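All remarks here apply to the structure that follows.
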Amino acid sequence: MNHDVWTRAIVEQNQRWLMAYFVAATGNHAESEDLVQETFAQALKNADRFDPSKSFGAWLRGIARNVYLEHRRKSSHRLVALNDAALDHLDLAAAASEEMHTVPGYGESRIDALKDCLESLSERTAEVVKRRYLKNQPSKAIASSLGITAMAVDLVLSRARKALVVCVNRKLRTEVHG
Amino acid sequence: MADEYDDLIGRYVHGDATQEDLAELSRVLERNPEIISRFLAAAEIERDLREVYGTVATKSVTRSVPAARKPRSVRRPGAPSNSWIGTATAVAAVIVIVAAFVLSARGQGAVIAHVAATVNGAMLIRDGDESPLQSDTDVHIGDKLRVPARAAVLVDFPDRTKMTVGSTGNDETIALFDEYSPPNSSSGTGKKIRLESGVMTAEVSPQPKGRPMLVTTSRATAEVVGTQLKVSVENEATRLDVLEGKVRLRRLSDFAVADVKGGEFLVASKDADFSPRAIPPEGRIIITCDDRYELFLNGVKLGQRDFPKGTWFFDAQTYDVGLLKGKNTVAIRGGNIDNIAGLIAEIQVGNKRYVTGKDWRCSHNEELGWSAINFNDSHWSNAAEYGTERNERPKKHAKAARFPMDSDASWIWSDNNMFAPGRDSENTVFFRFSFDFPPPLSSSH
């Protein structure tokens, strides 16, 4: 396997869970993309330091944690406070996600499951979700066009996300076991 | 754990959390650090929703990648290389470039640029609130511009870098204005534009050494030291067209790096060949002016020519160009320094020939955004004709050289093409002409 193929494989297998890791840590998608890139950059730069007898995922998560800490140190704007215990828990949760992403086609399966789950949302909820994610409208804009309050929009979205998480997980379990 | 924080976590992973939300979440995490696993679950579904609806940034590279469908840009023929190009090529290896991505965000909220004009409306997203974008508005770090299809926003930076966000296409353009701190640099920050969708074109002034302007998309990052370029995002492909100078593009799926020179384009997607190729010319503009002109295509300057006083034969220049699908606009600033004034031009697109005539629009006033594609020129006048190269008419003394002998183009100007000392406004005239690409099937002009 040449270096380019190896690099691409590493990026493909790990970028999705890394993105979620940094979004969970920062709440900011643009910053998270940069942090994902930085993590890969450091991994590639230090590839010769990786011990093949150890877990690659754990090594990458260690880099991600340091990248996050460095980002937090440089940021002047406020980030949610993650203490060491929270970072340990995040690492644990990310380890599970990282392991799932080692299964070939896991990313596609999640997306396919989500598409199915979106079909099961009520018409009203589906409209709110579509406006938020397809048209990228903020809650206030959705609220004014649908004649409801912004708080109600947030509530609908929150319930929709939760229902989708449950639905996607159920479908993925069915796929694995059934 | 109770579900009472779902709302908060949902807002947080969507990027909508307020300062109060962050404070509340921080308190919750202090008491129950294990709740962070719910952040991750929410972030995963957020990521997947953005992928399904295509609003993201974070598209999985494991999925199929449609070929780029939106090429097109302009190429300045024979553009001279600039002295700062050497600086661009000297920029270090991939890792160094990548390391430049850590945001400092130290100046969040500070003014980074200025909206000179908006065409057909756009929205400003600041601190989670979206409001109509007005011309003459400062752009702050962290601001996002949402520009609907067939609209554009002209943005000026203090260093004279000019940017057009949006296009005539059918895609919405979303651009985030930011800054970054280069590694090992204590001498300030660099500009960073995150293009989430759509198209941006820019004429970038030479940037400070070690602090290139970065244009990032979900697929690639362009490092710009100073040049004219266009970046477009469609589906899961990013296309970079370099009009002049040199831009370093890095593909994020495998960190491959390529230098794209003036007149070349490169598509960054999973499967596309990552080698720069020449932008095929799709049109040709032949132009000259008594006595000087600046030529713009779709808001981007292609070139200029100044003839000295007393010139009688005006050499025509030829520009090979790429075109936008749909409407394209040629805009010209014409100037006259003595005697008779006149502009003559022909636009060749395949077999179609668009020529200067009374259907060209003209004005004596330089208005904001006058050269942009969708600028409304309905209040401008029709140009006046002063004879073709074959037929003399009164007030037409100029002769063009190297201009197609069989052209039906007329010398045009405003209704007064005589130099009038003291009446400066008569000496400069602004022209516009729009046409479709590809041209309609009818072959008549």
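Okay, here's what the table says:
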{"read-out": "Placed amide H near B:A220: partners under 5 Å, 5+ positions off or other chain", "value": "B:L252"}
{"read-out": "Taking only Cα atoms of segment A:1-93, radius of gyration then Dmax in Å", "value": "13.4, 43"}
{"read-out": "For B:L343, B:L29, order by how many other beta-carbon atoms lie within 10 Å, fewest first", "value": "B:L29, B:L343"}
{"read-out": "Entries in B:K162/B:K325; A:K135/B:K192; B:K209/B:K246; A:K140/A:K162 that, when Cα-Cα distance is taken, lie over 19 Å", "value": "B:K162/B:K325; A:K135/B:K192; A:K140/A:K162"}
{"read-out": "Phi to ³J(HN,Hα) by Karplus 6.51 cos²θ - 1.76 cosθ + 1.60 over segment A:153-170, Hz, x for Gly, Pro", "value": "4, 4, 5, 4, 5, 4, 5, 5, 4, 5, 4, 5, 4, 4, 5, 4, 4, 4"}
{"read-out": "Burial order of peptide ranges A:43-52, B:308-317, B:378-387 (average beta-carbon count within 10 Å, highest first)", "value": "B:378-387, B:308-317, A:43-52"}
{"read-out": "Simple label model, 7 Å out from Cα along Cβ direction - A:R124 to A:K54, nm", "value": "5.3 nm"}
{"read-out": "Translational diffusion of segment A:28-74, µm² s⁻¹ [Kirkwood Rh, Cα pairs; Stokes-Einstein; 37 °C; 0.692 mPa s]", "value": "295 µm²/s"}
{"read-out": "Computed E for B:S381/B:D306 - FRET, C-beta separation, R0 30 angstrom, nearest 0.05", "value": "0.75"}
{"read-out": "Peptide A:121-132, shielding by other chains (average Cβ, 10 Å cutoff)", "value": "1"}
{"read-out": "Principal axis dimensions, largest first and in whole angstrom, of segment B:296-357 by Cα", "value": "41, 23, 19"}
{"read-out": "Aspartates and glutamates whose Cα lies under 20 Å from that of B:K309, excluding same-chain neighbours fewer than 8 positions away", "value": "B:D290, B:D291, B:E294, B:D338, B:D424, B:E426"}
{"read-out": "Cα-based reach from A:K115 at 16 Å (exclusive), listing aspartates and glutamates while leaving out same-chain residues under 8 positions away", "value": "A:E123, A:E127, A:E175, B:E44, B:E46, B:D48, B:E51"}
{"read-out": "Efficiency of FRET from Cβ geometry, B:T18 and A:A96, R₀ 41 Å, rounded to 0.05", "value": "0.85"}
{"read-out": "Per-residue average of Cβ from other chains inside 10 Å of B:129-139", "value": "1"}
{"read-out": "Average partner coverage of A:149-157, which counts Cβ from other chains inside 10 Å", "value": "2"}
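Only the coordinates and a few stated rules stand behind these numbers; no lab work does. These numbers were taken from a predicted model, which means no experiment stands behind them. Reconstructed Cβ throughout: ideal geometry from the backbone, glycine too, with neighbour counts over all protein chains shown.
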